[in-house]
Protein chains: 2
Amino acid sequence: MIDHFWAVIPAGGAGTRLWPVSRRTSPKFLHDLTGSGRTLIQATRDRLAPLAADRVLVVTGQAHRDAVVEQLPELGADQVVAEPSARDSMAAVGLAAALLEARDPDAVMGSFAADHVITDDAEFQRAVSTAVRAARAGWLVTIGIEPTHPATGFGYIKPGPAVDDVDGALGVLEFVEKPSAQVAATYVEAGYRWNAGMFVMRPGVLLDLLGEQDPDFAAALRGIAADPATLGEVWPTLPKIALDHAVAEPAAAAGRVAVVPGGFGWDDIGDFASLETLLAGDEPVTVLGDAGLVRTVDASGLVVPGSGRTVAVVGLSDVVVVDTGDALLVTTLERAQDVKSIVAALQEDGHDHLT
Amino acid sequence: MIDHFWAVIPAGGAGTRLWPVSRRTSPKFLHDLTGSGRTLIQATRDRLAPLAADRVLVVTGQAHRDAVVEQLPELGADQVVAEPSARDSMAAVGLAAALLEARDPDAVMGSFAADHVITDDAEFQRAVSTAVRAARAGWLVTIGIEPTHPATGFGYIKPGPAVDDVDGALGVLEFVEKPSAQVAATYVEAGYRWNAGMFVMRPGVLLDLLGEQDPDFAAALRGIAADPATLGEVWPTLPKIALDHAVAEPAAAAGRVAVVPGGFGWDDIGDFASLETLLAGDEPVTVLGDAGLVRTVDASGLVVPGSGRTVAVVGLSDVVVVDTGDALLVTTLERAQDVKSIVAALQEDGHDHLT
C-alpha cells in the first residue's frame, strides 16, 4: 500500500469493434473478456487495490454509473464521478486531478483505463510504485510497455537517458502516434515503448502543466472541484482533447516527462483478434466462456458462447464466432476490425437497440 | 385428378446433415426449407393434391405422428400410419401397399418422399400421370430425373428402349448405386437418370414382386393389412431393407420396371450446400428466413436466421451460418456434410436433447 496514492480509473469508450459483446449501453469494461470471472473494470480495481487500498476514483459516463456502482459495490458514492457527456481523456482525468488536489494535498494519482488487460500484476505494481516515486519528485510519469511485436495499433514512447533523481525512470524525448508497420519495426529496434495511456503524477503537476497550455481549461476543472454544482453547466464548454495531446506531448518536449519501463503483458483488446492473441492456449480454438458449449471439427480461431446455446464450428480456420442473446457475429481474425461497419450499418438503419 | 390414384408419402429419415434445423424430434420434412411458407411435407402434399385429391397416405414414425397431423389437418386419422419403429422403405411403402390393396382393388399408388424439393409442379404432375398409365399396364414404374450435373450423391437408373404399351415410358435395364465422380460423368453422358426413389405401381404388383423375393415379408405386410391389431407384434420382425434392393433391382433385372423421364428440378436436400444451390439468387449471400435479420460485409454463402436474432457475417466466402434457438452451426459449403460428425459427438456425450 502506498500512502496517499489514488487510483483513477477512466471508464469510457464504446468498444464497437468488440460488438456484439460490447454495446453502447454496456461497454467492454463491464464485461469479463478474459474468462477470469471478473469484468475488466473489476480486474483493474483488483490490480490497484494492493497499492491504493480504498482510494479509488472512477470517472465514467452518466449512462454507466449504475452499472459501475453495481460491479464495484465497495466504492462510496463520491468515488464514482459521472461525466454528463464524453469529452475525451483530458477532461476526465483532469477532473479527477482537480477533485483529488482539493481532497488530499499529498495525493499522487495514477490513471489506468478500465478496459485494458494486464497479465503480470506483481510487475505492474512494481512499475507503478517506481512511477509514484518519480511523481513525488515532480515528474509527469508514464509507464512504457515493452513491445512484444511491431504493433501498428498503438502509439510509442521514445525514451531518453535515466533521470537523476529516481532509480528506474528514464526521460521521455517524445510521444509518437501509431506508426506504419515499417516505422514500427524501427521503433521496436530503437527501444521505444508502447504508450498504454498510463500516467502517474501529483494532481497539481497535471493541472499546472495543463494550465501552461490552456489556462482556462485548468481553471475550469479546478472550479468544478471547488463547486461541484457547476459541473453540468461547465462540462459542455470543456475542450474535447486527449491527455496525450493536451499535456503529455508538450511536457515531453519541455523535458518534464519520465517513463518507467513496465515488463508486464498488456493489451487494450482493440478487437477480437487481439482478444484471441491474448487468450490463446494450446487448443486451436480459443473459447471465452463455457467451453462445454463449443463443438469444433477442423477449426481454429475464437469462439465466444455468450447465450448458453451450443456453438458448432466445422472446417474454418482463424474464424471468430461471437454468440449473444440478440445478435451473432461470424467473421475472421483478419477482418475483426471491420465489425465496426456492421455497427455503423445497424445504427444507420435505426437498429440502435442492437449496438 | 386421376381416379383411384393414391399418393403415399413416406415421412422418415433424421436428416442429421441439416442439423441444427433438422433434429431427431423434428426431421427435415417438418420444416420450411425453401422459404415458401410451407413445410416440405406440406409442399409434397400440395404437389400431389391435383392428382390424388384426398387419397393421401402418410407413413411416418410414431414420434412424428402428431406433428404430421398438425401440419396436414385435412388428413383423416386412417391416413397417417405410424410405424412402431424405423424399418427402412420396403416395410413403410409395402405396408401402404398392403393397406391400399385391401381398401381399393383398382388402386394405383405413387410413393414420394416427404422431404424432397421439386421446382416444376406441372411437369411433375405430367410425369406422374404417365407413370400411372404404365402402372395400370402392370409395370413397376419409377420416375427418372434428368441430371443437371454428374452428382455423386444419388443412385442412377440405366434406361433401355421404349416400352411397347405406354407412350413416354422406357424399360429400365439396371439401377446403379452412387458412383464416383468419374463414373457419374459417364452415366450422364450415356443418358442415365437420377433415381429419386419415386415409384408408381398397383399395390398388388409391388407386393407380388416382393413375394417373389421374400414370400414371408409380403405375407406379413398383407397380414397386418388384414388385421391392423397385429402391427405392433409383426413390425419388429420385418426385414430392414430399401425398396430399391428388395424389389426394384431384381425386378429391373427381370425386365419388369419402366422409367418415365421427369424434366422437373429435383433435390433431396442432402446438406446445406445443396440447399444453398437450390435457393441461390442474385445476392452473394442466400438467406433462408427473414433477410432483415442478416447483415453481411464481403461475404457469400448461406445464412439461416432461425432464432429471431441478428446475424452479422464479415469477410467469409462460401460460409454456412445456421442459427436456431438452442444451437448454432458455422461451417462452409464445402464441409457441410461433416455436420453429421457434430451430431454424432453430441449424442456420444449425452447431449441427445440437441440432436
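The values are calculated or read from the model by the stated rules, or taken from the named source; none is laboratory data. In this text the structure is predicted, and so the values were computed from the model without any measurement. Virtual Cβ from ideal backbone geometry, glycine too; neighbours counted across all protein chains shown. Accessible surface is based on the protein model in full, side chains and every heavy atom, while ligands, DNA and RNA are left aside. Shrake-Rupley method; radii C 1.70, N 1.55, O 1.52, S 1.80 Å.
When only the Cβ of Lys, Arg, Asp and Glu is charged (+1, +1, -1, -1), the dipole of chain B relative to its Cα centre reaches about 120 debye. Helix content alone sets the calculated 222 nm mean residue ellipticity of chain A: runs of n ≥ 4 DSSP H residues at -39500 (n - 2.57) each, divided across all residues, give -9000 deg cm²/dmol. Distant-in-sequence amide contacts of A:Val287, defined by a placed amide H-H separation under 5 Å and a gap of 5 or more residues or a different chain, comprise A:Val303. Summing Lys and Arg as +1 and Asp and Glu as -1 over all other residues whose Cβ lies under 13 Å from the Cβ of A:Lys158 gives a net charge of -3. Close amide H contacts of B:Leu173 (hydrogens built in the peptide plane, cut-off under 5 Å, sequence separation of 5 or more or a different chain): B:Lys158, B:Gly160. For region A:11-149, rounded, prolate or oblate, judged on the Cα gyration tensor with a ≥ b ≥ c (square roots of eigenvalues), a/c < 1.5 rounded, else prolate if a/b > b/c? Oblate shape, in that a/c is at least 1.5 and b/c is the bigger or equal ratio. Counting only protein heavy atoms and a probe of 1.4 Å, the accessible surface of chain A is 49% carbon and sulfur. Close amide H partners of A:Val294, meaning residues 5 or more places away or on another chain with modelled amide H under 5 Å apart, are A:Val311.
Charging the Cβ of each Asp and Glu at -1 and of each Lys and Arg at +1, and nothing else, the dipole of the protein assembly as shown about its Cα centre rounds to 160 debye. Measuring from each Cβ of chain B to the axis carrying B onto A, the nearest residue and its distance in whole Å come out as B:Val330, 3.
Taking a ≥ b ≥ c as the square roots of the eigenvalues of the Cα gyration tensor of region A:27-84, is the shape rounded (a/c under 1.5), prolate (a/b larger than b/c) or oblate?
Cα axes put region A:27-84 in the oblate bin.
Taken one residue at a time, the phi angles of region A:257-266 give Karplus couplings (6.51, -1.76, 1.60, θ = phi - 60°) of 10, 10, 10, 9, x, x, x, 8, x, 9 Hz. Gly and Pro are set to x. Taking A:Asp164, A:Asp115, A:Asp88 in turn, the Gaussian network model of chain A (Cα-Cα springs below 10 Å) assigns the largest fluctuation to A:Asp164. Between copies, the label points of B:Ala291, set 7 Å from Cα on the Cα→Cβ line, lie 4.2 nm apart, reported in increasing order to one decimal in nanometres.
For chain A, the per residue solvent-accessible surface stands at 39 Å², with DNA, RNA and ligands left out and a 1.4 Å probe. Round to the nearest 0.05 the FRET efficiency obtained for B:Ala242 and A:His353 when R0 = 41 Å and r is the Cβ-Cβ distance. With R0 = 41 Å, the Cβ-Cβ based efficiency is 0.20.
For B:Gly37, inter-copy separations between label points set 7 Å beyond Cα along the Cβ vector come to 5.4 nm, shortest first. Taken along the Cα-to-beta-carbon direction at a fixed 7 Å, the label points for A:Asp282 and B:Ala226 span 6.8 nm. Near A:Ala273, once Lys and Arg are set to +1 and Asp and Glu to -1 for all other residues with Cβ below 10 Å from its Cβ, the sum equals -2.
Under the shape rule built on the C-alpha gyration tensor, where the axes satisfy a ≥ b ≥ c, region A:274-322 is oblate, since a/c reaches at least 1.5 while a/b does not exceed b/c. The residues of region A:276-322 occluded by other protein chains by 50 Å² or more of accessible area, set against the chain on its own, are A:Arg295, A:Arg309, A:Thr310, A:Ala312, A:Val314, A:Leu316; surface from heavy atoms, 1.4 Å probe. For region A:272-355, the alpha-carbon radius of gyration amounts to 1.11 times the rule-of-thumb value 2.2 N^0.38 Å expected for a compact globular protein.
Building the convex hull from the alpha-carbon atoms of chain A and averaging its projection over directions returns 18.2 nm². Excluding ligands, DNA and RNA and using a 1.4 Å probe, chains B and A jointly bury around 2700 Å² of accessible surface, summed across both partners.
If the cut-off is a Cα-Cα distance under 24 Å, which lysines reach B:Lys240, setting aside same-chain residues fewer than 8 apart in sequence? Counting by Cα, and skipping residues close in sequence, B:Lys240 has these lysines nearby: B:Lys28, B:Lys178, B:Lys340. When all alpha-carbon pairs of the protein assembly as shown are counted, what percent fall beyond 47 Å? Cα-Cα pairs in the protein assembly as shown separated by more than 47 Å: 40 percent.
Inter-copy label distances at A:Pro250, shortest first and taken from points set 7 Å along Cα to Cβ: 9.9 nm. Rounded to the nearest whole Hz, the Karplus-based 3J(HN,Hα) values (6.51 cos²θ - 1.76 cosθ + 1.60, θ = phi - 60°) of region B:271-288 follow the sequence 6, 5, 5, 5, 5, 5, 4, 5, 9, 3, x, 7, 7, x, 9, 8, 10, 9, with x at glycine and proline. For chain A, the relative contact order comes to 20 percent (Cα pairs under 8 Å, sequence separation of at least 6).
The mean sequence separation of alpha-carbon pairs under 8 Å and at least six residues apart, normalised by the residue count of region A:282-354, gives a relative contact order of 21 percent.
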